[in-house]
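These notes concern the structure reproduced below.
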Amino acid sequence: MLAALAEGLNNVWVVLAAALVIFMEGGFGLLEAGFVQTKNMGSIILKVWMDLTAGSLAFWFVGFGLMYGADRAGLFGTSGFLLHGAIPLLPNALSPYAFWLFQAAFAVAAISIVSGAVAERMRPRAYLLYVLVMCAVIYPISGHWVWGGGWLDKLGMRDFAGSGVVHAVGGWSALAAALVLGSRRGRWTGSVSTSPASLTLAAAGCFILWFGWFGFNTGSTLSATAPALGLVAVNTQLAAAAGGLVGFVWPLLHSERCDAPMAMNGGLAGLVAITAGCAFVSPLSAVLIGATAGVVVNIAFPLVERWRVDDPVGAVAVHGFNGAWGVLAVGLFATQGGLFSGGGLHLLGVQALGLAALSVWGFGATWLCFKALAATVGIRVSAEDEAVGLDVAWRIHSGVEADAGAGAVVGMDMVGMASETAS
Amino acid sequence: MLAALAEGLNNVWVVLAAALVIFMEGGFGLLEAGFVQTKNMGSIILKVWMDLTAGSLAFWFVGFGLMYGADRAGLFGTSGFLLHGAIPLLPNALSPYAFWLFQAAFAVAAISIVSGAVAERMRPRAYLLYVLVMCAVIYPISGHWVWGGGWLDKLGMRDFAGSGVVHAVGGWSALAAALVLGSRRGRWTGSVSTSPASLTLAAAGCFILWFGWFGFNTGSTLSATAPALGLVAVNTQLAAAAGGLVGFVWPLLHSERCDAPMAMNGGLAGLVAITAGCAFVSPLSAVLIGATAGVVVNIAFPLVERWRVDDPVGAVAVHGFNGAWGVLAVGLFATQGGLFSGGGLHLLGVQALGLAALSVWGFGATWLCFKALAATVGIRVSAEDEAVGLDVAWRIHSGVEADAGAGAVVGMDMVGMASETAS
Amino acid sequence: MLAALAEGLNNVWVVLAAALVIFMEGGFGLLEAGFVQTKNMGSIILKVWMDLTAGSLAFWFVGFGLMYGADRAGLFGTSGFLLHGAIPLLPNALSPYAFWLFQAAFAVAAISIVSGAVAERMRPRAYLLYVLVMCAVIYPISGHWVWGGGWLDKLGMRDFAGSGVVHAVGGWSALAAALVLGSRRGRWTGSVSTSPASLTLAAAGCFILWFGWFGFNTGSTLSATAPALGLVAVNTQLAAAAGGLVGFVWPLLHSERCDAPMAMNGGLAGLVAITAGCAFVSPLSAVLIGATAGVVVNIAFPLVERWRVDDPVGAVAVHGFNGAWGVLAVGLFATQGGLFSGGGLHLLGVQALGLAALSVWGFGATWLCFKALAATVGIRVSAEDEAVGLDVAWRIHSGVEADAGAGAVVGMDMVGMASETAS
């Protein structure tokens, strides 16, 4: 009975953590809808919807097997497709189903990072195909390298809950996607509003993400009796708080502005950055890692803009840069093997190598995929659709019946849209 | 100590699952507010509020005893009112309080299904009375039949988390309610907008419902050590993903439209349909059940419209049709006794009989209740109130002080309402 | 292994409960943003953001040690700063980290109560400083008295999850803050709208708070095997339901109005009031306590107005008055020692004394702090900033680039703001 109890406890823990991570899709959806232009709020929600639905199914069909199946040459897995077959690294006293659900939620989170970067200008069919590739192949392959017994795992890379595996891969994929897709028309001539459609909804998304992150990081123990469980949760909170405070204070000191989006992005940056090290560093280090993330995101945002990369919700600055920072921070702050704990440069080197591999893979695979999609189904919406907004162009928010007089009704459809029709 | 630990684990599990189901009220509220016309957003929120408050109290006072009390002739229970007295079917190693809370959350969910179907035209006092009847009598009686040791339970009907008990009963009750109440004035002449007030808020509600469904289905194990726990969670996710993807792709293929409400309703349909069978079918079957639900909801929506039933948020199509589909699907896909597993037609027959009984009961009892309410307190708001919208008519969103100049202030009160005053 | 399992279960329980309480910040944010004027929605979100970020860090740096460190004369603690050193009252079989996170979430909740009362008129720097003082000193000191082994603890005061420690202290602090800060310009001449910016968003916040309260109250067991766990959860639900129903019905009977904000405040009042006694009273008593809270909030609201205290989201009426009611209700309804259970007046006397001490401390400390801030950095925004709204004044919702043509863009920024530009 003791064994049954132990497995029951772990199953409950991992299923609840997975549910929290799945709820993060609501956070991504609201954050992104709140940050884009009102005329595209529905289209970005639909992208997140594709992440959650198509992404889960693709991961079930192919991705999980490539990530956690029996290892082939340290590069990919070969079993566990469709939830059949062996899972060599299944943790002790855990249902394979609970394990699968948690991993599927991570795959969906990885693709959701990209959804923000392609907002307001990508075709739905092309995006759907990319979701399938990301969750079936791109994310699982690099996931296998670090978590599935692959070559980075064997080298000793440490990425507890995925600053590298999820966020750096997602963030640099977002960079590649934004580059191939190109900027929104008029983005650099000022004709695209970069003010949030709804700061309140974006904030709601941010609070949901923060909440879900306790599932993301703490659930990565995959065992309720893991000694680090409490520490992981505390580090998550402290890093997020430090990042969120620096993200708020930095613009206040530098430009006398209460930059709410930057405050929120600072908090998210802190969460991204502590994700790799939350089980390996002290609370004081978590505060330093998070505070640094708040600075990094403040610097990365204008930098990405200077590169003329159009990333409507800041996926590259938040997830790319701070995913990278989080992976490297383990090499600096880890209480075992970190540079600042007298562990020398070995771990830092491994982390840097792993980061480079993950980044090149994420960026390169997404670049190729987007180039292939561009050459075949087409990735960019027409200039007319972009001008009128995807919600109208795709007839997204039409009700059950066909909207006879769409033009007349549209003004009533979207939160805040009234402002445009009124002005 | 082991026994205390086992009960502690179950209590934590069931209380957290109950909290998730209670949070689904937020999901219902946002989904319905997002799907109705802006002038009635507040009134629908208040309906959900009545579900949660009056519904909980009615279930405490009467309903729970009728549902889980000592059985009388297989028809209803006779103890446990006000949380006093015996609970014969209390699971092992579980606090009666935790059990009660979980069941109360289900009763509230059942009534919330109906709240959407009567949106924009029902009187608040009549609705409040119906909430009391539903949570004190209608839902508990049929619940007793299947889960409380009643006659359908004895026949061998299988409805793990309530595709029939909650969703079919709720959905066909919604149909009866909409029929007696009648359509919104101008609904079939095009003068009622069927475009969502706020797709983003509706989506937020949908994400909350998806999240809460992990409590709904997985919590129905009522034991953390139930072997099916992980499977239930995975099946829930896969069926929702399949339904949500088909709900999105179907209109895209048939009418070149990204129909966001239908995508979300597809996901919800998948969730409703897997609720009965989540513990009894394989993941592959869950995908098929969910995908079929995505088709069912796409067909049921226009069908309900053709019947001239005015169901503003689609409760009949989502919960009625797919609750029915979910109950029958157990007879087809169950790994033990299902038709496709070589179990023959017996289980399918029992499921069909149970479904018929639940449907007739839910539809009939609600029909009678609404007829009685119509003949006494009145169920329909005045034509003037309906035209101006219930939020203004009921002075719902007035602040703490009496709004002296209500007319002037109203335009500022509701999200999106500006569009109407502006146009 | 049994001991490891017991601690693992408690850690999981307390970390999840803490995450729920932290998610309540999203509830506070949406509730407050929904209840203020549209032109200040962003600024109130930022206040909650400061609560969550700066509050967590201040509690980590100083507050936790003052609250739970080794006791000095019954007045404050002296160890545990920065999560170093002894925690004398650490519960059995619980990680100190999990314990810390739960307590930090409470400190953040306490300050968030005040954030609503100072809405729409307080300077950001002054508020940030107050957050630090509240979470580092004011809340922890009174928390030590009752929960940290202080003098009220020794006297036998009973406040299970903090009607007094969190809500009365927060509510009377809010009163002091609102008094020193003064009313919004034009508040009593009718030129300030008291209608909600968005009832739907406020409702979303309310549902999140209700959900999170299961973590707040039930998690306060700090042990999964606490016998009262199920009872606490049920009492929480029943009191909230009773308060929410009375809050809705009272205005309906007295002024024929469906007052949605009052309905929600009734539910919150029920939650606040049951927080002290949820582990000590019967479900029937919980219903009575909650229903009374629904009346109290209906009476307190106009009373606070008559005092000419400008409390934009009702923090004093909800948290102050009902925190007080909740503390006293323990003396009346407790099954052990309560007046109505034949326990005489002793417990009621202790509760009244404790309530007085907490109230004087909260009110007095905040009054002094606000006076000091007013005399130094300044607490009140300029008349111009108040008129235009803090979101514009603080350039809160400007995007990443500087908004060249802010005036033109502003109308598009905030949900609902359109109404103002349109009218």
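The values are calculated or read from the model by the stated rules, or taken from the named source; none is laboratory data. Everything numeric here is computed off the predicted structure, so don't read it as measured data. Because the Cβ atoms are built from the backbone with ideal geometry, glycine has one as well, and the counts that use them run over all protein chains shown. When the accessible area is computed, the model is the full protein with side chains, heavy atoms only, and any ligands, DNA or RNA have been set aside. Shrake-Rupley method; radii C 1.70, N 1.55, O 1.52, S 1.80 Å.
Listing for the model above:
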quantity: Nearest-first distances (nm) between copies at A:Ala4, label 7 Å from Cα via Cβ; calculated: 2.1, 2.1
quantity: Accessible area (Å², 1.4 Å probe, nearest 10) - A:Arg158; calculated: 60 Å²
quantity: Segment C:Arg72-C:Trp151, length gained on full extension (0.36 nm per residue, minus Cα span); calculated: 27.4 nm
quantity: Largest to smallest accessible area among C:Ile141, C:Ile396 [probe 1.4 Å]; calculated: C:Ile141, C:Ile396
quantity: Shielding score for B:18-28, defined as the mean number of other chain Cβ atoms within 10 Å; calculated: 6
quantity: The protein assembly as shown: C-alpha gyration tensor shape, a/c 1.5 cut-off, then a/b vs b/c; calculated: rounded
quantity: Angle in degrees between helix C:41-58 and the longest Cα principal axis of chain C, rounded to the nearest 10; calculated: 40 degrees
quantity: Accessible area expressed per residue, chain B, with surrounding protein chains retained (probe 1.4 Å, Å²); calculated: 26 Å²
quantity: Distance between region A:48-87 and region C:149-225 - C-alpha centres, whole angstrom; calculated: 46 Å
quantity: Within 10 Å of each Cβ in B:204-215, the average number of Cβ atoms from other chains; calculated: 6
quantity: Per-copy distances of the A:Pro302 label point, shortest first, in nm (7 angstrom along Cα→Cβ); calculated: 5.5, 5.5
quantity: Antiparallel bridge percentage (DSSP; both residues within the protein assembly as shown; nearest 5); calculated: 100 percent
quantity: Chain C: relative contact order in percent, alpha carbon pairs under 8 Å with at least 6 residues between; calculated: 22 percent
quantity: By accessible area with a 1.4 Å probe, ligands and nucleic acids excluded, highest first: order of B:Ser43, A:Ser191; calculated: A:Ser191, B:Ser43
quantity: Accessible area, probe 1.4 Å, largest first, for residues C:Leu2, B:Leu222; calculated: C:Leu2, B:Leu222
quantity: Cα centroid of region B:1-25 to Cα centroid of region B:244-273, whole Å; calculated: 33 Å
quantity: Global geometry of region A:67-125, whether rounded, prolate or oblate, following the gyration tensor of its Cα atoms and the 1.5 cut on a/c; calculated: prolate
quantity: Relative contact order %, region B:175-317, counting alpha carbon pairs below 8 Å whose residues are six or more apart; calculated: 28 percent
quantity: Peptides ranked, highest mean first, by Cβ atoms within 10 Å: ranges B:47-56, B:265-274, A:296-305; calculated: B:265-274, B:47-56, A:296-305
quantity: Heavy-atom accessible surface of the protein assembly as shown: percent carbon and sulfur, 1.4 Å; calculated: 67 percent
quantity: Other protein chain Cβ atoms within 10 Å, averaged over every residue that makes up A:239-249; calculated: 5
quantity: Cα-based convex hull, region A:201-314, per residue volume (Å³, whole number); calculated: 96 Å³
quantity: Intensity falloff of region C:274-401 expressed as log10 I(q)/I(0), Debye formula with alpha-carbon point scatterers, at q = 0.15, 0.17, 0.20 Å⁻¹; calculated: -0.85, -0.97, -1.15
quantity: Rel. contact order, % - alpha carbon contacts under 8 angstrom, at least six apart, region A:15-105; calculated: 28 percent
quantity: Contact surface C-B: accessible area buried, both sides summed, square angstrom, 1.4 angstrom probe; calculated: 5400 Å²
quantity: Hits among lysines - C-alpha to C-alpha of A:Lys39 under 17 Å, sequence gap 8 or more where chains match; calculated: A:Lys47
quantity: Ranked by how many other beta carbons lie within 10 Å on average, peptides B:383-395, C:106-118, C:252-264 from highest; calculated: C:106-118, C:252-264, B:383-395
quantity: Prolate/oblate/rounded label for region B:1-148 (Cα gyration tensor, a/c 1.5); calculated: oblate
quantity: Reciprocal mean inverse distance between Cα atoms of chain C - Kirkwood radius, Å; calculated: 21.5 Å
quantity: Neighbour net charge for B:Gly326 - beta-carbon separation under 15 angstrom, K R +1, D E -1; calculated: 0
quantity: Calculated label separations, C:Thr335, copies of the chain, 7 Å along the beta-carbon direction, nm; calculated: 4.2, 4.2
quantity: Peptide ranges C:124-132, C:228-236 listed from the most packed, as the mean C-beta count within 10 angstrom indicates; calculated: C:228-236, C:124-132
quantity: Solvent-accessible area of B:Phe28 with every protein chain in place, 1.4 Å probe, in Å² to the nearest 10; calculated: 10 Å²
quantity: Helix-derived mean residue ellipticity, 222 nm - over the protein assembly as shown, DSSP H n ≥ 4, -39500 (n - 2.57), to 500; calculated: -20000 deg cm²/dmol
